[in-house]
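The values are calculated or read from the model by the stated rules, or taken from the named source; none is laboratory data. Computed from a predicted structure; not experimentally measured. In this analysis, Cβ positions are derived from the backbone assuming ideal geometry, glycine residues included, and neighbour counts consider all displayed protein chains.
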Amino acid sequence: MPVSGLSPYDDANIFARILRGEIPSRTVYEDEWALAFHDINPQAPVHVLVIPKGAYVSSDDFGANASDAELAAFLRAISTLGRQLGVATDGYRMLANHGRDANQEVPHFHVHIFGGRPLGRMIGKAS
Ligand code: AMP
């Protein structure tokens, strides 16, 4: 069920539980500010999720409330990951869903990194 846009942070969400080590993930990158792991239901040969370690509901919350250090470190982590995952040369797509219209399902900010094949059009048709 997609989450609505401006809900308060829910500490029981699945990515908060991954950050606390309560459930496993296939980690591919970790630093002081960010964690990245394989998506459990991959939509491309490379499908990794990058999350900040801080408690932010979505891109809206992160962009408005994260510190400059968190914001900078997050983008650096994505760039590092693109190279580490071997998709920086041929290309990859970053995607972040915020709120109901975007179908955000997990209410902890995350960026998807897709790659490993031609990714087609930017956005699907509305259904
Ligand atoms: P979104 O619709 O942007 O909120 O995407 C949430 C993503 O989280 C989906 O692509 C799910 O497949 C993924 N996901 C859900 N639970 C897990 C989990 N335990 N480990 C890894 N990925 C997950």
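Tabulated values for the structure
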{"item": "Lone qualifier among Phe109, Phe114, Phe62 - being touching a residue at least 40 places away in the same chain (Cβ under 8 Å) and over 26 Å from Ser7 (Cα atoms)", "result": "Phe114"}
{"item": "Single unsatisfied condition, Ala64 versus (1) outside any helix (DSSP H, G or I); (2) loosely packed, with under 13 Cβ neighbours inside 10 Å", "result": "(1)"}
{"item": "Residue within the stretch 30-43 that is within 9 Å of the ligand (Cβ to nearest atom), crowded, with 18+ Cβ neighbours inside 10 Å and of a type outside the set (A, V, I, L, M, F, W, C) present", "result": "no"}
{"item": "Residues (part of a loop (DSSP other than H, G, I, E, B), of a type in the set (Ser, Thr, Tyr) and either within 12 Å of the ligand (Cβ to nearest atom) or without any contact (Cβ under 8 Å) to a residue 60 or more places away in the chain (or both)) located in the stretch 1-28", "result": "Ser25"}
{"item": "Checklist (1) farther than 23 Å from Ala12 by Cβ; (2) touching a Phe, Trp or Tyr at 6+ places or on another chain (Cβ under 7 Å); (3) aliphatic (A, V, I, L, M); (4) without any contact (Cβ under 8 Å) to a residue 24 or more places away in the chain applied to Leu81, failing item", "result": "(4)"}
{"item": "Output for the stretch 1-47, where each listed residue is of a type in the set (Asp, Glu) and in contact with a Leu (Cβ under 9 Å, 6 or more places away or on another chain)", "result": "Asp39"}
{"item": "Within the stretch 1-53, tally of residues that are of a type in the set (Ser, Thr, Tyr) and modelled with pLDDT of 95 or more", "result": "4"}
{"item": "Residue check for Arg76: basic (Lys, Arg) and under 28 Å from Asp11 (Cα atoms)", "result": "yes"}
{"item": "Positions within the stretch 74-127 being polar (S, T, N, Q), within 13 Å of the ligand (Cβ to nearest atom) and farther than 18 Å from Ala36 by Cα, in sequence order", "result": "Asn103"}
